[in-house]
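Here is the structure we will look at.
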Amino acid sequence: MGVLLENCSLGDGKVGSVYVDRGLIERISDGPSYEAPAGTLKVDGRGGSLFQGFTDSHCHPFEMGWLRRNVDLRGVANVTGIRLRLQTAIQRAAPGGWVVGRGWDHETFPGKRLPSREDIDDVSPENPVALARVCGHISLLNSRAVRDLGLEGRQGPGYDRGPGGRLTGIVREAAQDDAFGRMPARSAQECLDDLTSVELEAVRGGLTTLHCILSEDGFREELQAFAMLADQEDHLLRYRVYIPAQAVDYLAESPLRAKLTGGKIRVNGVKLFADGSLGASTAALREPYADDPKNTGILRHSDEELGELVEKAHAAGHQVIVHAIGDRAVEQAIGALSRVSGGGNGRRHRVEHASLLPRDLRSKMRRHGLRATVQPCFITSDSWAAARLGEERVNDLYPLKSMLEEGIVASGSSDAPVETIAPVVGMWAAMTRGAFALGERLPQRQALELYTRNAASNGFDEESAGLEEGRGADLTLLDSCVEGMHPALFRKVGAAAVLVGGKVAYTFEGG
Ligand SMILES: [Zn+2]
């Protein structure tokens with residue numbers, strides 16, 4: 001059955017209608033309506049703006065769903081807040097069972113002190129507890145968890161120690177992954193439930209496609225969940241999947257692979273890590289942190305190791321995307337990716353985040369045709385950015401306008417659950433910015449491009465999306481006309497209807 005979107009703003013003051021059939025945009029007409037065949041489903045746009053479908057080009061749907069089932073610490077203002085939410089969770093937990101959570105941010109606490117295991121030990125003497133910071137790069141463990149995981153004798157930079165060399169309970173990066181890796185795994189069915197709970201939130205936000213990052217320890221169950229979803233024909237969104245390095249051989253030999261190459265669910269590539277996060281002061285910088293002069297962050301690999309990981313993923317046919325936030329890490333990622341990018345970077349290898357990106361690194365990226373995904377919400381959330389980097393260096397943090405104008409294909413994303421998955425909030429952040437580098441504010445057209453044209457291109461989806469006759473009908477209809485809208489108002493805009501592959505995935509009227 002065809003779908004007719006009537007009374008839509010199509011830009012340049014034009015009101016038109018779009019007729020969709022068999023998954024394609026059949027006709028874009030100038031009038032507010034169009035003589036469509038009998039039986040056509042009509043959606044009245046009421047003058048709202050219509051765009052090609054929005055894509056979130058970097059998010060963690062399994063983490064989002066998992067967070068709903070566990071201790072959500074986003075927004076807690078101090079250690080007492082952590083204790084209160086933990087207390088509620090402990091009451092529901094199985095005796096001696098793991099209690100996990102995520103979302104605290106000590107940068108917003110009085111004195112900005114990192115919490116320690118003493119802060120939570122009396123709340124949970126029997127259940128092992130692991131609570132990740134909002135960035136997901138550092139975690140707080142209680143004493144029971146330290147004991148159960150056998151961490152007391154561990155050495156290395158990832159284990160914070162206090163007076164007398166005692167572990168504080170804070171673990172970072174690889175040490176944290178090691179701890180989480182030894183907890184009981186989620187089942188494939190739990191992963192599927194998490195994924196479907198996120199799907200509705202994403203489509204309500206106007207998204208048609210998600211680029212999904214899988215976890216390093218749960219990827220088997222997560223891939224299985226995608227394969228189960230592929231069997232359910234009525235799922236709503238398009239998924240582009242990025243697996244960790246450990247999964248490359250596993251997937252090559254797995255029978256799941258055949259189910260994960262379709263138009264709606266497809267494994268696109270491999271995600272690697274170069275460094276940590278700025279919030280946790282683990283992003284690798286060329287010069288030390290302004291607020292911690294002995295610290296330059298943590299590189300996860302030597303240049304040679306990262307280069308080999310990139311080569312292996314590339315040789316297996318994958319698009320390679322490398323998490324790099326600090327300028328030292330971005331430089332390392334560019335070096336590794338340029339080993340395989342050739343002249344035009346036909347495989348569309350990307351740097352994820354590319355947060356601290358001074359001019360010399362931007363021109364290197366452009367020279368090698370490397371792409372980027374950016375998270376505009378970080379700009380408004382990172383209130384501590386100038387303190388971490390200093391007044392001068394912070395001007396090179398998230399330089400979105402310079403990136404686009406200098407020819408880097410950058411796509412927008414939320415990194416959810418780090419930030420809200422709603423793409424209009426990302427666009428709003430890209431247009432308004434917070435407190436620094438205000439010259440890098442984007443005009444509305446470019447803010448939209450981050451989530452439309454550039455995001456489709458960064459996921460090899462230019463055929464399924466694009467507001468043109470003959471293209472695939474992935475479409476997002478907003479509830480207002482945004483042409484000329486003041487940037488500050490943009491975050492209040494909602495989605496009125498979403499079409500994926502020509503099918504109505506969501507309308508706010510439930511039609
Ligand atoms: Zn991420």
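Select from the range 47-68 the residues that are away from the ligand (no atom under 16 Å from the Cβ), modelled with pLDDT of 95 or more and open to solvent by 10 Å² or more (accessible area, probe 1.4 Å) and write down the one among them that is farthest from Val493 (Cα to Cα). Even if it seems obvious, please write down each step before you answer.
We begin by selecting, within the range 47-68, every residue away from the ligand (no atom under 16 Å from the Cβ); these are 47-54, 68.
Applying the additional criterion that residues be modelled with pLDDT of 95 or more yields 47-54.
Cutting the leftovers down to open to solvent by 10 Å² or more (accessible area, probe 1.4 Å) gives us 47, 51-52.
On the way: Gly47: 13, Phe51: 13, Gln52: 16 Å.
If we take residues in the range 47-68 being away from the ligand (no atom under 16 Å from the Cβ), modelled with pLDDT of 95 or more and open to solvent by 10 Å² or more (accessible area, probe 1.4 Å), then Gln52 is farthest from Val493 (Cα to Cα).
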Of the residues that sit in the range 123-135 and are touching a strand residue (DSSP E or B) at 6+ places or on another chain (Cβ under 6 Å) and β-branched (Val, Ile, Thr), which one is most open to solvent (accessible area, probe 1.4 Å)? Val134
Scanning for something in contact with a strand residue (DSSP E or B) (Cβ under 7 Å, 6 or more places away or on another chain), over 22 Å from Glu222 (Cα atoms), within 15 Å of the ligand (Cβ to nearest atom) and open to solvent by less than 10 Å² (accessible area, probe 1.4 Å), does the range 248-269 turn up at least one residue? no
Looking at Val99, Val71, Val43, can you tell me which residue is surrounded by 21 or more Cβ atoms within 10 Å (Cβ to Cβ), under 30 Å from Lys14 (Cα atoms) and more than 16 Å from the ligand (Cβ to nearest atom)? Val43
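Pick out the one residue from Ala488, Ala495 that is surrounded by 18 or more Cβ atoms within 10 Å (Cβ to Cβ) and either in contact with a helix residue (DSSP H, G or I) (Cβ under 7 Å, 6 or more places away or on another chain) or more than 21 Å from Arg46 (Cα to Cα) (or both).
Values: Ala488 fails: surrounded by 18 or more Cβ atoms within 10 Å (Cβ to Cβ).
Exactly one residue qualifies, and that residue is Ala495.
State the number of residues belonging to the range 123-164 that are among the aliphatic types (A, V, I, L, M) and in a helix (DSSP H, G or I).
Number satisfying all stated conditions: 2.
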Within the group Ile120, Ile138, Ile82, which residue is within 16 Å of the ligand (Cβ to nearest atom), open to solvent by less than 10 Å² (accessible area, probe 1.4 Å) and either of a type outside the set (S, T, N, Q) or within 27 Å of the chain's Cα centre (by Cα) (or both)? Ile138
Does Ser383 meet the test of being surrounded by fewer than 24 Cβ atoms within 10 Å (Cβ to Cβ) and among the polar types (S, T, N, Q)? yes
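To keep it simple, each residue is scored yes or no on (1) closer than 15 Å to Thr380 by Cα; (2) out of contact with any Cys (no Cβ under 7 Å at 6 or more places or on another chain); (3) touching a residue at least 60 places away in the same chain (Cβ under 8 Å).
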| site | (1), (2), (3) |
| --- | --- |
| Gly412 | yes, yes, yes |
| Val425 | yes, no, yes |
| Trp428 | yes, yes, yes |
| Gln444 | no, yes, no |
| Leu448 | no, yes, yes |
| Tyr451 | no, yes, yes |
| Ala455 | no, yes, yes |
Name every residue in the range 125-153 that is touching a helix residue (DSSP H, G or I) at 6+ places or on another chain (Cβ under 8 Å) and not aliphatic (A, V, I, L, M), in order of residue number. Pro125, Glu126, Asn127, Pro128, Arg133, Gly136, His137, Ser139, Asn142, Ser143, Glu152
Checked the range 279-299 for anything open to solvent by less than 10 Å² (accessible area, probe 1.4 Å) and not in a strand (DSSP E or B); matches are Gly279, Ala280, Thr282, Ala283, Ala284, Leu285
Residue that is farthest from the chain's Cα centre (by Cα), among those in the range 206-218 that are more than 14 Å from Ser57 (Cα to Cα) and surrounded by 19 or more Cβ atoms within 10 Å (Cβ to Cβ): Gly218
Every residue from the range 298-313 that is within 12 Å of Val340 (Cα to Cα) and in contact with a strand residue (DSSP E or B) (Cβ under 6 Å, 6 or more places away or on another chain): Leu309, Val310, Ala313
Every listed condition ((1) surrounded by 23 or more Cβ atoms within 10 Å (Cβ to Cβ); (2) out of contact with any Ser or Thr (no Cβ under 7 Å at 6 or more places or on another chain)) holds for Glu463 save (1)
So how many residues does the range 8-18 have that are crowded, with 19+ Cβ neighbours inside 10 Å and over 32 Å from the mean Cα position of the chain (by Cα)? 2
Within the range 343-376, can you find the residues that are farther than 20 Å from Ala455 by Cα and either within 14 Å of the ligand (Cβ to nearest atom) or in contact (Cβ under 8 Å) with a residue 24 or more places away in the chain (or both)? Gly343, Leu356, Pro358, Arg359, Leu361, Ser363, Lys364
Filter result for His318 (surrounded by 23 or more Cβ atoms within 10 Å (Cβ to Cβ) and in contact (Cβ under 8 Å) with a residue 12 or more places away in the chain): no
Which numbered condition trips up Arg74, out of (1) in contact with a strand residue (DSSP E or B) (Cβ under 6 Å, 6 or more places away or on another chain); (2) not in a loop (DSSP other than H, G, I, E, B)? (2)
(1) under 23 Å from the mean Cα position of the chain (by Cα); (2) of a type in the set (A, V, I, L, M, F, W, C); (3) surrounded by fewer than 20 Cβ atoms within 10 Å (Cβ to Cβ) all hold for Met183 apart from (1)
Which condition number in (1) outside any loop (DSSP other than H, G, I, E, B); (2) within 17 Å of the chain's Cα centre (by Cα) is the one that Ser414 fails? (1)
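Give the residues of the range 219-234 that are in contact with a helix residue (DSSP H, G or I) (Cβ under 8 Å, 6 or more places away or on another chain) and open to solvent by 20 Å² or more (accessible area, probe 1.4 Å), sorted by residue number. Please lay out each step first, then the result.
Pass one, the range 219-234, residues in contact with a helix residue (DSSP H, G or I) (Cβ under 8 Å, 6 or more places away or on another chain): 219-231.
Once the filter is applied, which keeps residues that are in contact with a helix residue (DSSP H, G or I) (Cβ under 8 Å, 6 or more places away or on another chain) and open to solvent by 20 Å² or more (accessible area, probe 1.4 Å), the range 219-234 yields Arg220, Glu221, Gln224, Met228, Ala230, Asp231.
If you check Thr452, Thr420, which single one turns out to be open to solvent by 10 Å² or more (accessible area, probe 1.4 Å), within 23 Å of Ala496 (Cα to Cα), within 16 Å of the ligand (Cβ to nearest atom) and polar (S, T, N, Q)?
Checking each option against the conditions leaves just Thr420.
The values are calculated or read from the model by the stated rules, or taken from the named source; none is laboratory data. Note that the structure is predicted; figures quoted are calculated from it, not measured. FYI the Cβ positions are ideal-geometry reconstructions off the backbone, even for glycines, and counts take in every protein chain you see. Ligands, DNA and RNA are stripped out before the accessible areas are found, and what is left, the full protein with its side chains, is counted by its heavy atoms. Shrake-Rupley method; radii C 1.70, N 1.55, O 1.52, S 1.80 Å.
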